[in-house]
Amino acid sequence: MNGFDTFVMLDWSGGNDRGASPKADAIWGCVARAGTACEPVYLRNRQLAEAWIKDLLQAEMAAGRRVLAGFDFPFGYPDGFCETVTGRSDPLALWDWLEARIEDGPKANNRFDIAAGLNRLFDGIGPFWGNGLKRDIADLPRKGLARHGDHPAEKRMAEDQAKGAFTLWQLSGAGSVGSQSLMGLPVLSRLRREFAGAVSVWPFQPLDTPIAFVEIWPSLSVGAAPDGWIKDAWQVSEVARHLSGLEPGQLTALLDVDPNAEGWILGLGREHLLRDAPLPPPLSNDCFALPAGVEWTPVEDALALLKERLQAVTGVENIRVRDALGRVVAGDVMAVRANPPLPNTAVDGYGFSGGRSKGVHVLPLETDRAAAGLRLSGAVPQGAAIRVLTGAALPDGVDTVVLQEDVSVAHGQIAFHGPVKAGANTRKAGEDVEAGQVILVAGRRVTSADLALLAATGVAELSVRLPLRVAVISTGDELVEAGDAALEGQIFDANRPMLLAMIERFGHMPVDMGRVVDDRAALAAKLDDAAGCADVILTSGGASAGDEDHVSALLREAGAMALWRIAIKPGRPLALGMWQGTPVFGLPGNPVAANVCTLVFARPAMAQLAGAGWSDPQGFMVPAGFEKRKKAGRREYLRARVRDGLVEVFASEGSGRISGLSWAEGLVELPDGALDVGRGDLVRYIPFGGFE
Ligand code: AMP
Ligand code: MG
């Protein structure tokens, strides 16, 4: 069971709190799925890091996702150490031993004193050395050469093999890793307790739980960070991205090492697997950038940009066919078996070999009969007939069937009139589907009919995309929850229930993030939460360029926003941006505009992100039951429905008219240019169902 959905990598630190602004040599975490890494997260101290990873594991478990969590410090010590300290050979006993003794806070911890205490358990002085404090500590020498006596090996087998790896006994000095283990293992021990039974530790235990902990060492495979990147942030994001982009077989090969009590570094000895993996490019922060100097973007151009720049961000899992309805197929599915598997009869009747000419034919009848479900073993002699029932595999010696209604039976014989064509009333093996034929292509959303096709062709399991999680946030000081008491001047949040329902209809997983007031800090915190638990974020309101339009302001501040002034009505500018690696669609606040922009832009974009590929809405031309004069410049969408073969539109085009949305069953799409629509002229009507 090596299929993991989510990969989280942590670059650990043994030191104290590193302050508010992102720095090197602090703790950095990064989440990746299916070859795409999120923005690395700066964690200024271990307390924050522990809370962050705990929240993440909880959320992933709740979403049913398997997590591979990597930490860049050794999970075990050189042979014999654990036994001397704990009296047990189980390396996890040492984790718990340390957890019971290490005291940790943002400003100080007792790791050097604990190390000195550990040294006392051994002959002479050793094995730990290095003291980052001013005060001297008895039994903890500042220099490694000061040690003497009988203590475990300097390095584990892993460090012997990994060029440039430090010994675990060194607790201070550039590049030393000893303090990271002392300060990291207690955290892992607590997480194991917290998620009891759900965590397995590699390579000590089989990885048959929802969460696996592995030891990593980014320097093994990650090259120098590009300009502008903090090395640690770059390393965790690269390791996460690489591991999450591996084929399941490659990951299995990486994880396949002999269990040993010292622990091992993931990928050590198999570095090529980490370096050579082909990867999809991540969504870049400028993926919504518009060509310079563009004033108004036509709808077609906006859609083409989205299509080109977005790609699947969801992971992959294997599921049983019976659970696959509505899921997106991750890779082409092939028929395991032909349909039908054997030649069979399409009717109830009598079978024999070869066609028969015009005139009366009398054939001796076999006593056996061929019914569906069982293949007769004997052959039917040439010139004889046998009773066959619909769906029965044709016995040897039978290739033609005559309908029972056309036959009389008496005295062990049948009689019928020719002509009968050779092969009549039979189905050839594989005439529907051949074994090995592709029956569903990657990106297909599984329908109920597909379930029949999968079942018939012997497919029991298939690999599908994880559902796309779409967070929905409403913004505005004026909003109150529908059903609550509203003061004068307040309005009920109408967009959220609508958007959540639309997402569900599109086949994604809606994540209700609630409302947020027009306040930048509150909105930033909300976006942080949403980016942590969703693959894409939809906001409504505040997307324009006014004083209270904080969505666009914030995304612009994050340096990853484009305000798309799209030539569409209804719909003011659409704010598109990236928040911590997660795409954000800033929809207009007006419910009608929010609805139309979701159908026209967010729907195909979300399908692309979900791995279902791009799809254009399916409309058709219908005679207009209305008249309208339209100016050039903007594409227009009118709320519409078809009655008696004519398409009618809602009386008002006001974008606050929610009743018109509810009245409508689809949209009339009028092209960008000027147009005079007269009664009976053909216009393009897209039923709401055509947007799915
Ligand atoms: P905004 O884009 O924030 O300026 O909002 C435009 C209009 O849409 C204003 O009249 C808002 O009150 C209204 N509006 C914004 N969000 C919602 C919502 N969630 N439900 C209903 N109306 C909204
Ligand atoms: Mg607003």
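Observations on the structure shown:
- For the chain, the longest principal axis of the C-alpha atoms and the axis of helix 495-505 are separated by about 60°.
- Region 620-691: C-alpha pair distances exceeding 22 Å, %: 14
- Relative contact order %, the chain, counting alpha carbon pairs below 8 Å whose residues are six or more apart: 11
- Treating each Cα of region 344-427 as one equal point scatterer and applying the Debye formula with no solvent, the log10 of I(q)/I(0) at q = 0.17 Å⁻¹ comes out as -0.56.
- Just so you know, the Cα atoms of region 115-266 work out to an Rg and Dmax of 17.8, 52 Å.
- Taking the empirical scaling 2.2 N^0.38 Å for compact globular proteins as reference, region 222-332 has a Cα radius of gyration ratio of 1.49.
- Applying a DSSP loop filter and a limit of 15 other Cβ atoms within 10 Å to the GluC sites (Glu not before Pro) in region 593-663 leaves GLU627.
- The smallest convex shape that holds all Cα atoms of the chain, its convex hull, gives 238 Å³ per residue.
- Within region 563-648, trypsin sites (Lys or Arg not before Pro) in DSSP loop having at most 12 other beta-carbon neighbours inside 10 Å: LYS631
- Principal axis extents of the Cα atoms in region 536-692, from largest to smallest and rounded to whole angstrom, are 50, 36, 28.
- Mean separation of Cα pairs under 8 Å and 6 or more residues apart, divided by the residue count, gives region 327-399 a relative contact order of 40 percent.
- Ranked packing of 533-546, 328-341, 398-411, most packed first, by mean Cβ within 10 Å: 533-546, 328-341, 398-411
- Principal-axis tilt of helix 178-194 within the chain, Cα atoms, nearest 10 degrees: 50
- Centre separation in Å (Cα based) which lies between region 480-515 and region 440-471: 30
- Between 0 and 90°, nearest 10: helix 91-101 axis offset from the chain longest Cα axis: 50
- Separation of alpha-carbon centers, region 56-121 and region 186-213, rounded to whole Å: 12
- Stokes-Einstein D (µm²/s) once Rh is taken as the Kirkwood radius of region 308-371 over alpha-carbon pairs, at 20 °C in 1.002 mPa s: 117
- Rg and Dmax [Cα atoms of region 568-628; Å; Rg one decimal, Dmax integer]: 14.5, 48
- Between ALA664, LEU682, PHE620, the Cα set farthest toward the positive side of the dipole of region 620-691 (charges on each charged residue's Cβ, about the Cα centre) is that of ALA664.
- For the chain, share of DSSP beta bridges that run antiparallel, in % to the nearest 5: 65
- Rg/Rh, computed from the Cα trace of region 27-141 with Rh as the Kirkwood radius, has the value 1.04.
- Cα centroid separation, region 380-409 to region 564-625 (Å): 59
- Once C-alpha pairs closer than 8 Å and six or more residues apart are averaged by separation and normalised to the residue number of region 220-359, the relative contact order reads 18 percent.
Readers should treat all values here as calculations from the given coordinates under stated rules, not as data from a laboratory. Since we're looking at a predicted model, the values are computed, not measured. Don't worry about glycine lacking a Cβ; one is built from the backbone with ideal geometry, like all the others, and counts go over all protein chains shown.
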